[in-house]
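The values are calculated or read from the model by the stated rules, or taken from the named source; none is laboratory data. Fair warning: this is a prediction, and the values are worked out from it, not measured in the lab. So basically every Cβ, Gly included, is an ideal-geometry build from the backbone, and we count neighbours across all protein chains shown. For the accessible areas, the whole protein counts, side chains as well, though only heavy atoms, and no ligand, DNA or RNA atoms are used. Shrake-Rupley method; radii C 1.70, N 1.55, O 1.52, S 1.80 Å.
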Amino acid sequence: MLHVIILVPFLMALVIALLTKRASNLHRGWFVFPGSLALFVYFLTRIPVIKGGELGYETVSWIPSLGIDLVFHLDGLSLLFALLITGMGSLVIIYSIFYLDRRKEALTPFYIYLMLFMGAMLGVVLSDNLMVLYGFWELTSVSSFLLIAFWHRRQKSRYGALKSMLITVFGGLAMFAGFLMLYVMTGTFSIREIWSEVGDISGHALFIPAMLLILLGAFTKSAQFPFHIWLPDAMEAPTPVSAYLHSATMVKAGLYLVARFSPVFAGQYEWFWIVSGVGLITLIYGSIQAMKQTDLKALLAYSTISQLGLIMGLLGMGSAAAFYIGEEAVFYTAATTAAIFHLINHAIFKGSLFMMVGIVDHETGTRDLRKLGGLISIMPVTFTVAMIGSFSMAGLPPFSGFLSKEMFFTAVLNIRNLDIFSIPSLFTLFPVLAWMASVFTFAYSMILVFHTFFGKYQPEKLDKKPHEAPFGLLLAPCLLAVLSIFIGFFPNILSNTLIIPAMNAIHPILQTTEPFVVNIHFWHGFTPEVWMTLGVVILGITVYRIYGRLSLVDKEWGSGYTLNQVYDGVIRLVEKLSRWVTGSYMTGSMRHYLMYIFSFLIVTICGVVWYSDGITLGTTEYTPFSLFEVIAVMVLLLGALAIPFVRSRITAILLTGMVGYMVTLLFVLFRAPDLALTQMIVEVVSVTLFLLCFRHLPRLEKEKLKPSAHFLKLIISIGMGVTMTLVALAALGSSPFESISKYYVENSYTLGGGKNMVNVLLVDFRGFDTMFEITVLGLASLAIYSMIKLQLDGDGTAAQLKRVVPYNKPRYSRSDDVLLQAVAKVAFVIILIFSLFLFFAGHNNPGGGFIGALMASAGLVLLAITFGMDMVEKVLPINYRKLIAIGISIAFLTGVGSFIFDVPFLSQTFGYFQLPLMGKTELTTAMFFDLGVYLAVIGVTMNIIFTIGRDN
Amino acid sequence: MELIVALAIGVLFSVGVYLILSKSLLRILLGTNLITHGVHLLLLTMSGLKTGAPPLLGEKAEAYVDPLPQALILTSIVISFGVTAFFIVLAYRTYRSTGTDDVEGTKEERQ
């Protein structure tokens, strides 16, 4: 079931992607809202099940060999987050429907990204497998990147998106390394299995590094100091995104991770100090920074950083419970209770505040505190929402924030009782820092409300004439505000349903002690917490007053950007470095790239030959050789070695041809008749082609190279030669497994019905190869055709070829040799008949479709040389391009024909028939296939030759 | 015999690579051609030379040479013919459009 649940958002993304333009009369948001709401309702129905302690694992096998499976699991902690994700998601979707104009904004990508995020986030909180969790974790970073850059034409959006991506993915990779270390220690990726092995691994050398790396992932994601710098820049995203990802859900993934790993790492001093320390520093730093902001969203961003720090700190303090057992342990878990409760409250009030700021921005056209003021009379409902949210954030009764703030104070006061460290005075710092941060929190909450809605109304500074927002826009924030009050009055409705199950997941110890209860009250009597709150209010008002009197709001603040400068500097440095590294070897010269490839090949192959066992070079028994064979090889080598030295193009081409013919001779000597035939005809055709094309090219110049470059070229060439000789000798000397060739020798007659094994291999056993081969040939020849006939202009349209080099009309379009003309006609007929003979004999004797076709083409070339191409085309009006298509189609249909007889593609069969005139004849389906090959190859060859030849 | 052919393969590759590393399109083309020959001989040599009769069952011999490399080479010959033809035309067409057969571009482009 959970798999389906996680799939739902992705499916909705797909639906949005597939919606047609016509559906755009309805806002895209309405398509995803029902699904999101249904998910929320589903998770609500899970509450009683989880409360009953019923925990289930759902597994779908993915990569079992690596221990990576899609294991999903719902416990109290996951449920809490799942409710946040789907609940806030539904509200944000409603809000966005009214916030984003369907006529002006690109809504399809927006909702696709949003649904991607929702699915990924659900995956993060429901995964039990660390690798799966990591995958979803990075997907949240990616979707956040896409959403921040939603208005991608703005430079600031792109900057913010990239920044958030780089920082969170950096943390994600660190976390990944931490996960791998956990795997090394425990041999499992399952979080629950790792829990059960904590006792065995806590002394392991990798335990603390793994913890630090995982914390790095959590801190970057949850914008903890000093990684918080991405969150203010992420405010470039549309406000619904800020409300959803960057305050309610994604930034809380880090908190989730810390809570999830508490059973593993709590009880380590490092964990306690780092988590609570970083949390408290972020809390106070964020609250001070928030005071300095003039942009409402920036203020909320720093406020979010600060509040995330608060929750992080509480989680750290809660981990102190692991130092104790029994009653004392329960005493310290109060901090965790506060963390969870505040996590819920923060999502509620911060969500409403973000939406409120979005409304102000939407209606006035600005978020600048210096321009805003006096909106209370114009936007009374918005003001009410803002007031409830801010007072809840400031920790004033009767709003829910007050309760969690009291619990926070209790937790920091409790910490003073810790007696396990030798420096107890340090713990007094906890309440002091917490209290100071609360003062600032109070002050900026007041700034938020009073500077926006009271003071002087300055309509001249606003781009629009403001008025109250429409009902749809107000609906979601109002619901959240009501919820804030409701929880304020009935906090215990959460304690049994959500908080205790989540607590059980974070502190397994609670399951062993007597029933654990959470009771949240407004009034505890005159406890220190009450006095602290009173102090916060009094001092907070003072700070706000001084702040107002100094009118700091009107000043630009230069400080606090040093961390950003570090980030920018690092980015610039990395860019410079990578440009330098890339520039140093990506020279743009093809020859350099080839040199890299060849050098790599030489090094790897020689390395393998050198280091591998069982590779012997050469055999003990070589085949004896005759003088004749040696001469053939010598001629071949002489021809090859002469090529680099000659200046004449024709000589170079002919020398290459000579090498080709010597290879043909060797094929004969080495008992490969089919190869010899093919090679010979191919040499004829390609030398013709070479000569046709290279008549007009410039002379071969001697290369002007620096001696060092020339030397390098020589070294690489000789190195390649030596390497290939080694390969040949190594292949001769070692055969690690038996060759499959025996199968073909034994079966080519019984299964393929042919005595020419090579031909049977081509048309039967490996017919698929051959079919693709003629397809490739067909493509090559069509490419040649279009290359000659077409040229694309700058704007991509076909145009007449521009010729830089003036073209001389060739003088010899046909031969005037009478003798040649007389012989050619006869020769052509003989060649054609021989070609047909080769084709039919091919199955049992040397020959076959390829060879026959090449032979026929050679005949046609002869005719064209003798009588000119016009004449040949007049006599034989064949469209060779169509011939290619026909050939390939015949070969393909022969293959398809196998299906009729319910056998696999390209199965061949054969039989013997009594035919008139020819007697007993073997007929095979392979013959049809070979016919296709025959036609296609003629088409290809002649198309190439005629295309080039007629271009004159 | 195998030793001699192995050396010949080495030489074919050396010269082929040397030609490929030059600037002239024609030389590059001829280089690929030589390397193709080298590869074919390599395939043939790998299975041992002259270990039996030609792979024709009509010969009724005791042993045949390995038919598999021959089938591979046959395919390769035809494919490399197609590729060579394509390269030739590419070179020809490049020269006609740019006036140079230097793969590093014309003199003006280099500056």
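A few notes on this one:
- Given chain A, longest segment not containing exposed loop GluC sites (Glu not before Pro) (DSSP; at most 13 other Cβ within 10 Å): A:55-555
- Sites residue B:7 and residue B:90 - FRET efficiency at Förster radius 25 Å, r taken between beta-carbons, to 0.05: 0.15
- Computed from Cα atoms, the angle from the helix A:926-949 axis to the main principal axis of chain A rounds to 90 degrees.
- Residue separation of residue A:66 and residue A:192 scaled by 0.36 nm, minus their Cα-Cα distance, works out to 43.6 nm of gained length.
- Simple spin-label estimate for residue B:97 and residue A:206 in nanometres, 7 Å along Cα-Cβ: 5.5
- Convex hull of alpha carbon positions in the stretch A:295-546: directionally averaged projected area 14.1 nm².
- The slack between residue A:836 and residue A:154, meaning 0.36 nm per residue of separation minus the straight C-alpha distance, is 238.5 nm.
- Counting only residues at least eight positions apart within a chain, or on another chain, the lysines with an alpha carbon under 18 Å from that of residue A:742 are A:755, B:50, B:60.
- FRET efficiency, 1/(1 + (r/R0)^6) with R0 30 Å, evaluated for residue A:370 and residue A:436 via beta carbons: 0.65
- Sparsely packed trypsin sites (Lys or Arg not before Pro) within the stretch A:33-120, loop by DSSP, other Cβ within 10 Å at most 15: A:102, A:103, A:104
- Relative contact order of chain A, taken over Cα pairs closer than 8 Å and 6 or more residues apart, is 8 percent.
- FRET efficiency for residue A:106 and residue A:463, using Cβ-Cβ distance with R0 set to 25 Å, rounded to 0.05: 0.65
- With protein chains left intact and a 1.4 Å probe, residues in the stretch A:394-510 average 40 Å² of accessible area per residue.
- Taking the Cα centre of the protein assembly as shown as reference, the dipole from Cβ charges on Lys and Arg (+1) and Asp and Glu (-1) amounts to some 3800 debye.
- Averaged over the residues of A:835-848, the number of partner chain Cβ atoms lying within 10 Å of the residue Cβ comes to 1.
- Both radii were evaluated on the Cα set of chain A; the Rg over Rh quotient, with Rh as the Kirkwood radius, amounts to 1.14.
- Within the shell of other residues whose beta carbon sits under 11 angstrom from the beta carbon of residue A:81, the net charge comes to +1, with Lys and Arg scored +1 and Asp and Glu -1.
- Here chain A exposes an accessible surface that is 69 percent carbon and sulfur, computed with a 1.4 Å probe and the other protein chains kept in place.
- Exposed-site-free run, longest, chain B (rule: trypsin sites (Lys or Arg not before Pro); DSSP loop; at most 15 other C-beta within 10 Å): B:61-111
- Residue pairs exceeding 28 angstrom between C-alpha atoms, taken from A:706/A:789; A:252/A:464; A:104/A:221; A:163/A:252; A:405/A:464: A:706/A:789; A:252/A:464; A:104/A:221; A:405/A:464.
- Between helix A:590-611 and chain A: long-axis angle, C-alpha atoms, 0 to 90°, nearest 10: 90
- Probe 1.4 Å, protein heavy atoms only - accessible area per residue of the stretch B:1-75 in square angstrom: 27
- Residues in the stretch B:42-70 that a label on residue A:751 would reach, taking backbone N under 20 Å of a point 7 Å out along Cα→Cβ: B:55-58, B:64-70
- Comparing Cα centroids, the stretch A:300-350 and the stretch A:602-658 end up 76 angstrom apart.
- Paramagnetic label reach from residue A:818 (point 7 Å along Cα→Cβ; backbone nitrogen cut-off under 18 Å): within the stretch A:840-867, residues A:866-867.
- Test item: A:662-672 mean partner chain Cβ contacts at 10 Å: 6
- Cα-based helix-to-principal-axis angle, A:818-841 vs chain A, degrees rounded to 10: 60
- Rounded to the nearest 100, the interface formed by chains B and A buries 8600 square angstrom of accessible surface, both chains summed, with a 1.4 Å probe.
- For the peptide B:95-103, the mean number of other protein chain Cβ atoms found within 10 angstrom of a residue's Cβ is 5.
- Residues in the stretch A:73-113 that a label on residue A:59 would reach, taking backbone N under 19 Å of a point 7 Å out along Cα→Cβ: A:73-75
- J(HN,Hα) series, the stretch A:317-327, from Karplus relation 6.51 cos²θ - 1.76 cosθ + 1.60, nearest Hz, glycine and proline x: 5, x, 5, 4, 4, 6, 6, 10, 10, x, 3
- Secondary-structure-derived ellipticity at 222 nm for chain A, considering helices only, amounts to -22500 deg cm²/dmol, per-run term -39500 (n - 2.57) for DSSP H runs with n ≥ 4.
- Compactness of the stretch B:2-101 was expressed as the Cα radius of gyration divided by 2.2 N^0.38 Å, which yields 1.38.
- Euclidean distance between Cα centres, the stretch A:152-195 to the stretch A:44-70, Å: 22
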